[in-house]
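Student: The structure's right below; bear with me while I get my questions together.
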Amino acid sequence: MKSSRLIGMIQPKKKLKNSYNQLYDVGCLGKITSFSETEDGRYLIILNGLSRFKVIKEINNEKAYRECEVSFNEFQDDTKINDEQIKFSDLEFIFKDLKNLFEKRGYSINWDELKKQSLEQTINTLAMASPFSLEEKQILLETKNLSTRKEKLEKILKTYTFDNFHNSTLQ
């Protein structure tokens, strides 16, 4: 917390019996923008995503966290200003379906605060905050651009909508 406040986040794959959780191949570098320590010594952190990365290999260590050698080469566009031609109005149906899904699942989202973010930040925030499966979130994380992420988000939402928002697996 005293240094650059940069941390890589990567989702574990489902654990196999008697094995260490494998990691997905793609994660995201984030900057810790705020944190607080809990009474039991854990940290609650808020991250601002900076760039995705691909795991080259995991480094064996004796630390309480895992370390990996990573490459940012495939995701160099993550640090460039996004000029994709998507407007908030293009997302009207996505927002409607997400609001319904969040309400059904008991999630509370401050939609006014989301509207203050860039469109890319809003789509990414909603994708990661949504009650999707790990596999669905990973699919969204690994998409190459905002337009494709929007399309995949729509497809995932359709499965939840079709199933009256009870879907819990990737179909």
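Nothing in this text is a laboratory measurement; each read-out follows from the coordinates by a stated rule. Small disclaimer: the values here were computed from a predicted structure and weren't measured. Neighbour counts run over all protein chains shown; Cβ positions are idealised from the backbone, glycine included.
Student: Which of the peptides 143-152, 65-74 is most tightly packed, and how do the rest follow, going by the mean number of other Cβ atoms within 10 Å of each residue?
Tutor: The most tightly packed comes first, giving 143-152, 65-74.
Student: Taking only Cα atoms, what is the 0 to 90° angle, nearest 10, from helix 92-105's long axis to the longest principal axis of the chain?
Tutor: 70
Student: Can you compute the charge dipole magnitude of the chain about its Cα centre, using +1 on each Lys and Arg Cβ and -1 on each Asp and Glu Cβ, nothing else charged? Give it in debye, rounded to the nearest 20.
Tutor: Here the size comes out at about 260 debye.
Student: Within 10 Å, count the other beta carbons around each residue, average over each peptide in 101-114, 44-57, and list them highest first.
Tutor: Ranked from most to least packed, the peptides come out as 44-57, 101-114.
Student: Continuing with the same structure: Work out how much length residue 33 to residue 148 would gain on full extension: take 0.36 nm times their residue separation and subtract the Cα-Cα distance, in nm to one decimal.
Tutor: 38.6 nm
Student: Choose one of 38, 95, 60: the residue whose Cα lies farthest towards the positive end of the charge dipole of the chain (beta-carbon charges +1 Lys, Arg; -1 Asp, Glu; about the Cα centre).
Tutor: Checking the options against the dipole of the chain, the answer is 60.
Student: Taking the Kirkwood radius as the inverse of the mean 1/r across Cα pairs, report the Rg/Rh of the chain.
Tutor: 0.97
Student: Pulled fully out, how much extra length does the chain show between residue 99 and residue 134, if you take 0.36 nm times their separation in residues and subtract their Cα-Cα distance?
Tutor: Once the chain is fully extended between residue 99 and residue 134, it gains 10.6 nm.
Student: Right, something else. Kindly write out, for region 70-79 in residue order, the coupling ³J(HN,Hα) from the Karplus curve 6.51 cos²θ - 1.76 cosθ + 1.60 (θ = phi - 60°), rounded to whole Hz, with x marking Gly and Pro.
Tutor: Whole-Hz 3J(HN,Hα) from phi for region 70-79: 10, 10, 9, 3, 6, 10, 4, 6, 4, 8.
Student: Assuming R0 = 35 Å, what is the FRET efficiency of residue 107 and residue 56, from their Cβ-Cβ distance, to the nearest 0.05?
Tutor: In this case the efficiency is close to 0.50.
Student: On a 0 to 90° scale, report how tilted helix 119-129 is relative to the longest principal axis of the chain, with both axes built from alpha carbons and the result rounded to the nearest 10.
Tutor: Rounded to the nearest ten degrees, it is 70.
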